[in-house]
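Engineer: Sharing a structure below in structure tokens format, with a few things to ask.
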Amino acid sequence: MRDFKYFQPTDIRFGSGKIVEVGAAVAKYGKRCLLVTVPVEPIFEALFDKVKASLKSAGVEVAHFDGIIPNPTTECITAGAEAAKQHNADVVLGVGGGSSMDSAKAIAVEATHPGTSWDYLYFRDSQPTEKTLPVIAVSTTSGTGSQVTQVAVVTNTKERDKSAIYNAIVYPKVAIVDPDLMLTIPEHITASTGFDAFAHAFESLLNPNASPYTDMMALEAIELLVKHLPRVVQDGSDREGRAALAWADTLAGLCIANAGVTLPHGIGMAIPGMYPHVMHGEALALNYPAFTRFTCPHAISQFVAVGRIFNPELREESDQAAAERMCEEVDQFLKEIGMWFGLADFDIPQAEIPDLAEQSMVLPDNGNNPRVATQDEMQELLEQCYRR
């Protein structure tokens, strides 16, 4: 048995209808709340009204900052931090997908520290302190796992860079995971966030910080995603499937909070950092076919385990053959959920691949891969990702 450590301070409240607990959850940590969301649109209006009513009934005064965008920027975080200061907020509530929850964490830091959120990235000498406002997270998608992680991803458009705050101080105090909130997620968002959850689980298996605990959760998450994601992409009203994906997302988030990700996430952060119109899940999907073949010979046991989840008939194959077939199973999975594309599909200039390769090497994720890519190999991988 391997030695390991596991840490998770978040109070996780999972289940249908759990959104009714949001007011009491927030009131435990403060009485002046900044609600952080995407812009109010008809599809979200009822949820936001329900959240505000719950806060009001719990005696919490709320200000609503609805300026969150996909791949939230430093400017977006600064606007939210100013709103928190103006409201004299003592707690931040992020309601939405990864963008809203990550932004809530970054706002909680910037509102209480000098400078901006960009000054507190994972590699800086300056790190968030106990002054950081407590964060409550309500997830409305099944993919990022942000409701249970110590990560807040931010994009700096001037530098064409996407990086992250990574500090235990930003773990949400409470995570509310209510699958009923996910019933209206559009097909492509379901697929993109769902594949992000798959990547979290699979890459945590490969990471050298993996443990028996994270392996157990990762394999359960992968089983749930393989079984339910294609079905829910086809029928978003599938309540059983939505609950399964919400649990898989949470499990995968718990995995990366303690083990971490690998090479695909280095690419998956670099692409939206340079090309903000690309979703994180899309950036992962387009590099997975090349990544799996690059990595497979160096992680046979993990590829075998996942390959046999995809296709139980691979139990009859040798480990080598089953591991290699896993790459094909992932290809088919991507096609089945409508996530089969390359860089060219997003109008990314092929001439910029060398710059993208360099940016893909910035985060430590590549160094955690069973096979660590050189910059030349990274460029070759991205060339393979150009067309599908």
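Engineer: Yes or no: the range 134-143 includes at least one residue that is modelled with pLDDT under 95 and within 30 Å of ASP178 (Cβ to Cβ).
Structural biologist: Within the range 134-143, one or more residues are modelled with pLDDT under 95 and within 30 Å of ASP178 (Cβ to Cβ).
Engineer: Which one of these does MET217 not meet: (1) touching a Cys at 6+ places or on another chain (Cβ under 8 Å); (2) not in a helix (DSSP H, G or I)?
Structural biologist: Every listed condition holds for MET217 apart from (2).
Engineer: Then there is this: Of all residues being under 23 Å from PHE202 (Cβ atoms) and touching a residue at least 60 places away in the same chain (Cβ under 8 Å) in the range 347-363, which is surrounded by the fewest Cβ atoms within 10 Å (Cβ to Cβ)? Just the residue, please.
Structural biologist: Of everything passing the filter in the range 347-363, VAL362 is surrounded by the fewest Cβ atoms within 10 Å (Cβ to Cβ).
Engineer: From the list ALA321, ALA305, ALA373, which residue is farther than 30 Å from ALA257 by Cβ and of a type in the set (A, V, I, L, M)?
Structural biologist: Of ALA321, ALA305, ALA373, the one residue that is farther than 30 Å from ALA257 by Cβ and of a type in the set (A, V, I, L, M) is ALA321.
Engineer: If you go through the range 148-160 one residue at a time, how many are more than 21 Å from HIS200 (Cα to Cα) and part of a strand (DSSP E or B)?
Structural biologist: 1
Engineer: Within the range 318-344, can you find the residues that are small (Gly, Ala, Ser) and either within 15 Å of ARG387 (Cβ to Cβ) or within 23 Å of the chain's Cα centre (by Cα) (or both)?
Structural biologist: Within the range 318-344, GLY338, GLY342, ALA344 meet the criteria.
Engineer: Against the conditions (1) within 26 Å of ALA46 (Cβ to Cβ); (2) crowded, with 23+ Cβ neighbours inside 10 Å; (3) under 17 Å from the mean Cα position of the chain (by Cα), where does HIS188 fall short? Just the number, please.
Structural biologist: Failed condition: (2).
Engineer: Does the range 256-285 hold any residues that are in a helix (DSSP H, G or I), among the hydrophobic types (A, V, I, L, M, F, W, C) and touching a residue at least 40 places away in the same chain (Cβ under 8 Å), and which are they?
Structural biologist: ILE256, ALA257, LEU263, ILE267, MET269, ALA270, ILE271, MET274, LEU284, ALA285
Engineer: Do any residues in the range 326-344 that are more than 15 Å from ILE300 (Cβ to Cβ) have Cβ atoms under 8 Å from those of residues that are of a type in the set (Lys, Arg), where the two are at least six apart or on different chains, and which pairs are they?
Structural biologist: TRP340/ARG388; PHE341/ARG388; GLY342/ARG387; GLY342/ARG388; LEU343/ARG387; ALA344/ARG387
Engineer: Does the range 36-71 hold any residues that are surrounded by fewer than 17 Cβ atoms within 10 Å (Cβ to Cβ) and either in a strand (DSSP E or B) or on the phi > 0 side of the Ramachandran plot (or both), and which are they?
Structural biologist: If the condition is that a residue be surrounded by fewer than 17 Cβ atoms within 10 Å (Cβ to Cβ) and either in a strand (DSSP E or B) or on the phi > 0 side of the Ramachandran plot (or both), then GLY59, GLU61, ALA63 are the ones that fit.
Engineer: Can you tell me which residue within the range 161-180, out of those that are among the hydroxyl-bearing types (Ser, Thr, Tyr) and assigned to a strand (DSSP E or B), is nearest to PHE195 (Cα to Cα)?
Structural biologist: Ranking the candidates gives SER163 first.
Engineer: Go through the range 211-232 residue by residue and tally those that are more than 18 Å from the chain's Cα centre (by Cα) and buried (at least 21 other Cβ atoms within 10 Å of the Cβ).
Structural biologist: Total satisfying the criteria: 2.
The values are calculated or read from the model by the stated rules, or taken from the named source; none is laboratory data. Only a predicted model underlies this, so the values are computations on that prediction, with no experimental measurement involved. Virtual Cβ from ideal backbone geometry, glycine too; neighbours counted across all protein chains shown.
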